[in-house]
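Report on the following structure.
Throughout, read-outs are computed from the coordinates displayed, never taken from laboratory work. Please read these numbers as outputs of a predicted model, since none were measured by experiment. Cβ placement follows ideal geometry from the backbone for every residue including glycine, while neighbour counts extend to all protein chains displayed.
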Amino acid sequence: MRTHARVVVIGGGNMGAGVLYHLAKEGWSDCVLVEKAELTSGATWHAAGLVSRMVGGYSLGSMHDYAVDLYKSIEAETEQAVSWHGCGSLRVATSPDHMDWINHVRDAVLARGQAAEIIGPDEVKALNPLYDIEAAGVLGALYTPDDGHVDPAGTCFAMTKGARQMGADVIRQCRVTGVNQLPSGEWDVVTEQGTIRAEHVVNAAGYHARQVGAFAGLDLPITTMQHHYV
């Protein structure tokens, strides 16, 4: 196993894979991702995979716009399927206040140069015939036709594959057991397979991020909660 890297990314879900991919894309190929088990084996594999431009803030909305474009193109770039399905999405409003909100979001999406429109109940019904608009009391909806969904595991595999193609490394089945800062400002990332010295460490450990932060003396306010799947 390598003993030095410019950046060590801890965690092999979509967040860690995305950091590794984009660092390599910016020319930082001397990076390594360390995953304690298999890629996507934390929270990524059971994420819903929804990708929407329906965001009211400019900065966060621009990130969402980028994600939509990335997931449309990365499959061709890496030859790794991400199962992008562009189906559009609806955010329905059932009160006047909610109608005001979706009008605001529509304006924000349009300001970023993306497609969005407010539609009435009949158009909602035409797009989603199974939705009981009368029972729900639908007044209208924000329709963003370029939204879609992906396979979260596929996107993780695609980004790590793309990063490896650009020179980055991925180490699986390798648990991190310590993170120690040196007087030089560098970090020793201690793993079950050896120690990697790095200039920078990225904590992308998902619901294990609190434990990883504790290695470096940080108390991250992250709590894991159980929930149901329907």
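A compact table of results
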{"item": "Candidates 20, 33, 110, ranked by Gaussian network fluctuation over the chain, Cα under 10 Å, top entry", "result": "110"}
{"item": "Residues of type lysines that residue 25 reaches as a straight line, Cα spacing below 18 Å, ignoring anything fewer than 8 places off in the same chain", "result": "72, 161"}
{"item": "GNM result for the chain, Cα springs below 10 Å: residue of 184, 52, 62 fluctuating most strongly", "result": "184"}
{"item": "Share of alpha-carbon pairs per 10 Å distance bin for the chain, given as whole %", "result": "8, 26, 28, 22, 12, 5, 0"}
{"item": "Gaussian network model of the chain, Cα within-10 Å springs - most flexible of 218, 130, 60", "result": "130"}
{"item": "Sequence-distant aspartates and glutamates (8 or more away, or on other chains) whose Cα lies within less than 14 Å of residue 36", "result": "192"}
{"item": "Cut-off 17 Å, label 7 Å out along Cα→Cβ of residue 207, residues of the stretch 14-32 by amide N", "result": "14-16"}
{"item": "With 10 Å bins from 0: P(r) over the stretch 51-149, alpha-carbon pairs, percent", "result": "16, 42, 29, 11, 2"}
{"item": "Long-range amide H partners of residue 202 with built H, under 5 Å", "result": "8, 9, 10"}
{"item": "Check: the stretch 51-149 dipole with +1 on Lys, Arg Cβ and -1 on Asp, Glu Cβ, in debye", "result": "120 debye"}
{"item": "For residue 140, distant residues with modelled amide H under 5 Å away", "result": "93"}
{"item": "Relative packing of peptides 24-32, 139-147 - highest average C-beta neighbours within 10 Å first", "result": "139-147, 24-32"}
